[in-house]
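Participant: This is the structure I have questions about; it appears just below.
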Amino acid sequence: MNKIKLMVGMIGLVSAAGVFAQAELIVRSNQGAAAWDEGYPIGNGRLGLLTLGGFPEEKLYLNEHSIWARQEVEYPDNAADVMEKVRALAVDGNYAEAEALWTKELLQPKNPDDPIWRPQSYEFAGMARLIHNGVGEPESILNELDLSTGLNRSEAVYKDGVILCESIALRERDVIVLRISTTRKSGLDFTVELTHPRDEVSVQGNRLILSGQAATGGTKYQSHLLIHGVDVAEEAGALRVTGGQEALIFFTARTDYNNDDPNQPLIDWEGQIEADFAKGVSSDWNGLLAEGQAEMRSYMERFEINLGTSDPKVAWLPTAERIKKYKNGGADPELETLLFQFGRYALVASNRETGLPNNLQGIWSEGLVAPWSGDYHLNINLQMNYWPAEVTGLGDLHMPMLELVRDMQPAGQAFANALGYEGFTCGHAINAWKNTTFSGGNAMWAASLMNGAWINAHLMEHYRYSGDREFLENMAWPLIQNNARFILSWIHFDEASGEWITGPGTSPENQFIYMEGDEELKASISCGNTHDLMIAWESLSDLVEAAEELGIENDQVRKAKDVLPKLGEGKIGEDGRLLEWREPFKENNAGHRHVSHAYGFFPGRQYNVIEDTEMVKAIQNSLDFRLANGGGHTGWSRAWLINIEACLMRPEAAYGNIRTLVSKLINPNLFDMHPPFQIDGNFGYTSGVCTMLLQSQMKLESGERVLWLLPALPNAWPEGEVRGLRTRDGAIVNLKWSEDFVVAEIEATRDGVFQVRCRGSVQPLHLKCGERKILKF
């Protein structure tokens, strides 16, 4: 049906008053989790709790987002000279020599006995064991995590009654509370102990207190578990409850970490724990539960989605069994919906409107050294964590990442200056200390200089969605300028091609193979690689766009406008693939997990299917080649492919990556696996589904923002509905579709000029702020 009917007002198909049949949002299991990364996570953005749901012994992993080990940063004294020499070697084609020089002078410690610099790890806040005494194994167990409310519930059935453990996170009270209750006539009998592999635990009345300091002079912290509502007795450093039908356990933790200035620890931080308990502790479980559920609903209900109805016999199975059936080819659109909303749930649980951003594991960790230190990886991973924020109505939760970009400026400027450049740049991995330098000792990942530019791109994205001019003018504009200042000092003019090119740098985290005489060599460092060129274009284009929005014209903006038409672009090889490097090098790893040279399609906006058909075909060929050689073998890599394929308008390819991700790289609790657990793939999946349903990255020279409805809808979703999709330039879109029709309700949060595309039809749409129109296709 290509004919469009434009109707003003509301119709039942997408009306807010209509019935919306979203799938049940419950992760379910009939046994305790077999491993930590299969447990059930809750959080209030600062505090995290992960339970295994076991009986008669339960394990509770505790987290607070600012417990980080520490390591100081020193920049090499001769870094600027080294960078000049590396560039000259790379320009001359001496790539291996350039890499050897960079590695020796910039990536190795001054003292050979010192370890290679890398961000120190995020640490947990202790592990508690909750032991139900004298009950033995239960007849049955049911564990449920309700994503719509944030309630975690574990029920054990015994012959003489039920033991129930429930937990909910509260932000306003800033505590996590657990309720232990029973229907057994004998009442409760459980022991709680708090453990840590390094730091000390004490008992003070009805509290267990863990006091310590993260490694290498990191944050000082205290974790408190307070048992409320029942009498408790100390037994061998633990607390025991006997009798009664209900007990409440409150968890909070505080550190001396100062987010405003990490180098100046807080002084009176321990007293904040008493303030937390003063406002947080209550005997009214029902009131606490209602408060925590309302907080989670206030975020989760901003967006609803229905990708189809599953067989009820399948939908009620434990989540692990559903994944197995899915892996064997079964259809389960409600599982796909559940995983989608899990990404939003995890974003809410690990973020609030301010504070530290979520890390590689959100806020959940099981020990002292997380995989990859649980750090902020800046060559895609932290960025992917926030891909679904704006589009699914959680733009306010984007702010911790954007504040991190702001707070990194002093260190990033010092780093850029040490390298002989202007402005701001950073290495590929940092942590809560917000220092930046090269990390990890290997040029494949450590020699990238476009990480700062990539995270900076999120500033303009937040403005495009929010229209917050105060944010653009006061926070984003200085940072965008500072980043562009680095780009303009780093690029150099290539006389042979007449183009500005980037470098030296890498295509994270791959190597290329080249010939030097009869010898085959491997290297990572070159100039003008496609990833760097695409991000440079994004950065300078953001500068120009922001300047136009603010009515600013200065020398920097004029320089960017002069450079952009002459900035090099990725080249297409003889085999039709988009080249990853400026020369037609062979990949050392043809199936590499990174697809960095696809940045310009997603999350970048340099290329699109309307204006760049040759480039579209080239990147399609590149992705096909990557997958044919074993690519997409990590969760986040598959998630990235979903987004890119959606932008390339290949719905079945995008959906094929969904099938692979869910079948092979998702745990029974829906955690994404790198492996091991790494949460970015959860967020990337949620973003990918949105990109299949709506795209708004394209803006025409006419000034119209393209709203492309269902651009990559797969055959597996013939009917569906979604409410609350946000777009750039301030539209909120509700969609309902079937094989016969599409109905879109579009509301403007500010004046907007749009071109709406759907199923071959194109319709201009001009909306005033607050105006709502309905299109039917």
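Participant: In whole angstrom, and with the biggest value first, how far do the Cα coordinates of the stretch 379-535 range along each principal axis?
Facilitator: 58, 29, 28
Participant: Something else now. Can you return the lysines within cross-link range of Lys325? Criterion is Cα-Cα under 25 Å, with same-chain partners fewer than 8 residues away left out.
Facilitator: By straight Cα distance, Lys325 reaches Lys313, Lys664.
Participant: Report, in deg cm²/dmol and to the nearest 500, the calculated mean residue ellipticity at 222 nm for the chain, where each DSSP H run with n ≥ 4 adds -39500 (n - 2.57) and the sum is divided by the residue count.
Facilitator: -9000 deg cm²/dmol
Participant: Past 22 Å, Cα to Cα: identify those pairs from Lys324/Lys736; Lys699/Lys768; Lys104/Lys571; Lys561/Lys586; Lys104/Lys522; Lys586/Lys617, in the order given.
Facilitator: Correct reply: Lys324/Lys736; Lys104/Lys571; Lys561/Lys586.
Participant: Going toward the positive end of the dipole of the stretch 92-194, with +1 on Lys and Arg Cβ and -1 on Asp and Glu Cβ, which of Asn94, Ala128, Ile116 do you reach last?
Facilitator: The listed residue farthest towards the positive side: Ala128.
Participant: Still on this structure, I have one more. Tell me, what % of the accessible area of the stretch 570-661 is carbon and sulfur with a 1.4 angstrom probe?
Facilitator: Here carbon and sulfur together make up 46 percent of the probe-accessible area.
Participant: Give me the dipole magnitude in Debye, nearest 20, for the stretch 628-731 about the Cα centre, with unit charges on the beta carbon: positive for Lys and Arg, negative for Asp and Glu.
Facilitator: The calculated dipole for the stretch 628-731 is roughly 100 debye.
Participant: List the lysines whose Cα lies under 29 Å from the Cα of Lys279, skipping any in the same chain that are fewer than 8 positions away.
Facilitator: Lys59, Lys220
Participant: Take the chain, drop everything but the C-alpha atoms, weight them equally and run the Debye formula without solvent; then report log10 I(q)/I(0) at 0.06, 0.09 Å⁻¹ to two decimals.
Facilitator: -0.38, -0.86
Participant: Under a Cβ-only charge scheme (Lys and Arg +1, Asp and Glu -1), can you give me the dipole magnitude of the chain about the Cα centre, in debye to the nearest 20?
Facilitator: With only Lys, Arg, Asp and Glu charged at Cβ, the dipole is about 1980 debye.
Participant: For the stretch 65-107, what D do you get in µm² per second when you plug the Kirkwood radius from alpha-carbon pairs into Stokes-Einstein at 37 °C and 0.692 mPa s?
Facilitator: 275 µm²/s
Participant: Something else now. Quick one: if the Förster radius is 22 Å, what FRET efficiency do Asp284 and Lys313 give, using the C-beta to C-beta distance and rounding to 0.05?
Facilitator: That gives a FRET efficiency of 0.05.
Participant: Please list 274-286, 215-227, 493-505 highest first by mean number of surrounding beta-carbon atoms within 10 Å per residue.
Facilitator: 215-227, 493-505, 274-286
Participant: So how exposed is Trp36, as accessible area in Å² (1.4 Å probe, rounded to 10)?
Facilitator: 20 Å²
Participant: Related question: Taking the dipole about the Cα centre of the chain, with the C-beta of Lys and Arg at +1 and of Asp and Glu at -1, give me whichever of Ser181, Gly570, Gly528 is farthest to the positive side.
Facilitator: Farthest towards the positive end: Ser181.
Participant: Ok, one more. Looking at the chain only, what percent of DSSP beta bridges run antiparallel? Nearest 5 please.
Facilitator: Counting only bridges with both partners in the chain, antiparallel ones make up about 95 percent.
Participant: Please compute the length gained on full extension between Ser202 and Asp92, using 0.36 nm multiplied by the number of residues separating them and subtracting their Cα-Cα distance.
Facilitator: 33.2 nm
Participant: Would you give the gap between the C-alpha center of the stretch 537-553 and the C-alpha center of the stretch 261-330, rounded to a whole Å?
Facilitator: Answer, in whole Å: 39.
Participant: Let me ask something else about it. So how much accessible area does Thr195 have, in Å² to the nearest 10, using a 1.4 Å probe?
Facilitator: Looks like 50 Å² after rounding.
Participant: Just how much of Lys324 is accessible, in Å², when a 1.4 Å probe is used and the result is rounded to the nearest 10?
Facilitator: Counting only protein heavy atoms, the figure is 140 Å².
Participant: Distance from the Cα centre of the stretch 443-462 to that of the stretch 561-588, in angstrom?
Facilitator: After rounding, the separation between the Cα centres reads 19 Å.
Participant: Taking R0 as 25 Å, what's the FRET efficiency between Asn442 and Ser497 from their Cβ-Cβ distance, rounded to 0.05?
Facilitator: 0.25
Participant: So for the pair Arg129, Glu172, with labels modelled 7 Å out along Cα→Cβ, what separation do we get in nm?
Facilitator: Spacing of the two 7 Å Cα→Cβ label points: 3.8 nm.
Participant: Give the distance, in whole Å, between the Cα centre of the stretch 130-165 and the Cα centre of the stretch 694-750.
Facilitator: Centre-to-centre distance over Cα atoms comes out at 43 Å.
Participant: Okay, moving on. Relative to the present Cα-Cα distance, how much length would full extension add between Cys769 and Gln108 at 0.36 nm per residue of separation?
Facilitator: 232.4 nm
Participant: Okay, next question. How far apart, in nm, are the 7 Å Cα→Cβ label points at Asp268 and Lys522?
Facilitator: 5.7 nm
Participant: Express the carbon and sulfur contribution to the solvent-accessible surface of the stretch 298-409 as a percent, rounded to the nearest whole number, probe 1.4 angstrom.
Facilitator: 53 percent
Participant: Take the Cβ-Cβ distance between Val762 and Ile513 as r, set R0 to 51 Å, and report the resulting FRET efficiency rounded to the nearest 0.05.
Facilitator: The value I calculate is 0.65.
Participant: Treating the beta-carbon of each Lys and Arg as +1 and of each Asp and Glu as -1, no other charges, what is the dipole magnitude of the stretch 466-611 about its Cα centre, to the nearest 20 debye?
Facilitator: The dipole of the stretch 466-611 has a size of about 160 debye.
Participant: Using 7 Å Cα-to-Cβ label points, what is the Ser663/Glu24 separation (nm, one decimal)?
Facilitator: Computed distance between label sites Ser663 and Glu24 equals 2.7 nm.
Participant: Multiply the residue gap between Gln245 and Asp260 by 0.36 nm, knock off their C-alpha separation, and tell me the result in nm, one decimal place.
Facilitator: Length gained, Gln245 through Asp260: 0.9 nm.
Participant: Debye sum, Cα scatterers, the stretch 236-368, no solvent: what log₁₀ I/I(0) at q = 0.12, 0.18, 0.20, 0.21 1/Å?
Facilitator: For the stretch 236-368 at q = 0.12, 0.18, 0.20, 0.21 Å⁻¹, log10 I(q)/I(0) is -0.82, -1.23, -1.30, -1.33.
Participant: Considering only protein heavy atoms and a 1.4 Å probe, what is the carbon-and-sulfur percentage of the accessible area of the stretch 100-250?
Facilitator: Carbon and sulfur: 47 percent of the exposed surface of the stretch 100-250.
Participant: Continuing with the same structure: Leaving out ligands and nucleic acids, and using a 1.4 Å probe, what accessible area per residue does the chain come to in Å²?
Facilitator: Accessible area per residue: 35 Å².
The values are calculated or read from the model by the stated rules, or taken from the named source; none is laboratory data. Computed from a predicted model, the values in this text were never measured in an experiment. In this analysis, Cβ positions are derived from the backbone assuming ideal geometry, glycine residues included, and neighbour counts consider all displayed protein chains. In case anyone asks, the SASA skips ligands and DNA or RNA and just uses the protein heavy atoms, side chains included. Shrake-Rupley method; radii C 1.70, N 1.55, O 1.52, S 1.80 Å.
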